[in-house]
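Below is one structure, written out as structure tokens; comments come after it.
The values are calculated or read from the model by the stated rules, or taken from the named source; none is laboratory data. Here the structure is a predicted model, which is why all the values come from computation and not from measurement. Cβ atoms come from the backbone with ideal geometry, glycine included; neighbour counts cover every protein chain shown. The accessibility values were calculated without ligands, DNA or RNA, using every heavy atom of the protein model including side chains. Shrake-Rupley method; radii C 1.70, N 1.55, O 1.52, S 1.80 Å.
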Amino acid sequence: MIMPRGSELLMPARPLFIVLSLSVALGVNLMPLGRTPAMPDLLALTLVFWNVHQPRRVGVGVAFLFGLVMDVHQGALLGQHALSYTLLSFFAISMHRRLLWFSVPAQTLQVAPLFVAAHAVSVLVRLAAGGVFPGWSLLAAPALEALLWPVATLLLLAPQRRAPDRDENRPL
């Protein structure tokens, strides 16, 4: 496979780091910060990141389980977040090869519709079950998640950029 111009060769992601990053994102989502619709979903952002970069390790099943945890925690309709995260992961995995050819700012524009669709599915399920519309401030959440994509890329790829053994004669 020919690597995109300007990309660097990365070390493999450690499974413990993947689990730790998903656990931290879940912990941040579980924090009682108030129920504002404009709050970005960091777990969805982290799931999409690992679906794009490690689709064989973090798949649709993992997204479904995290969605059930979020449903139980928020007292939402059981399956609301599970469906949203599952669809989000499916579409992220389906476009992961194409997405990696773009630069990080262009990736931001590519993943923004995924986050909008995930929030739309969640709201539609809530409305179908008889819930109330949370307001138009809900549109800020997918925008913030898309804006956090470069930060997530920088933080979550940092451990993979390390050299296995520092050596002055080896360019990797």
> Does Val125 fit the bill of being among the β-branched types (Val, Ile, Thr), over 13 Å from the mean Cα position of the chain (by Cα) and open to solvent by 20 Å² or more (accessible area, probe 1.4 Å)?
Replying inline: yes
> Looking at the stretch 43-54, is at least one residue free of Cβ contacts under 8 Å to residues at least 60 places away in the same chain, more than 12 Å from the chain's Cα centre (by Cα) and crowded, with 19+ Cβ neighbours inside 10 Å?
Replying inline: no
> Filter the stretch 55-65 for residues that are in contact (Cβ under 8 Å) with a residue 40 or more places away in the chain and either more than 27 Å from Gln160 (Cβ to Cβ) or open to solvent by 40 Å² or more (accessible area, probe 1.4 Å) (or both); which is farthest from the chain's Cα centre (by Cα)?
Replying inline: Arg57
> Just one of the numbered conditions (1) open to solvent by 40 Å² or more (accessible area, probe 1.4 Å); (2) part of a helix (DSSP H, G or I) is not true of Ala118; which one?
Replying inline: (1)
>> Would you confirm whether or not the stretch 138-158 contains a residue that is under 20 Å from Pro55 (Cβ atoms), open to solvent by 70 Å² or more (accessible area, probe 1.4 Å) and modelled with pLDDT under 95?
In response: yes
> Which of the residues that make up the stretch 19-42 are without any contact (Cβ under 8 Å) to a residue 24 or more places away in the chain and either at positive phi or open to solvent by less than 40 Å² (accessible area, probe 1.4 Å) (or both)?
Replying inline: Ala25, Gly27, Gly34
>> Can you list the helices (runs of 4 or more DSSP H) lying wholly within the stretch 1-105 that have 3 or more residues being at pLDDT 95 or above?
In response: 15-30, 42-53, 60-74, 80-94
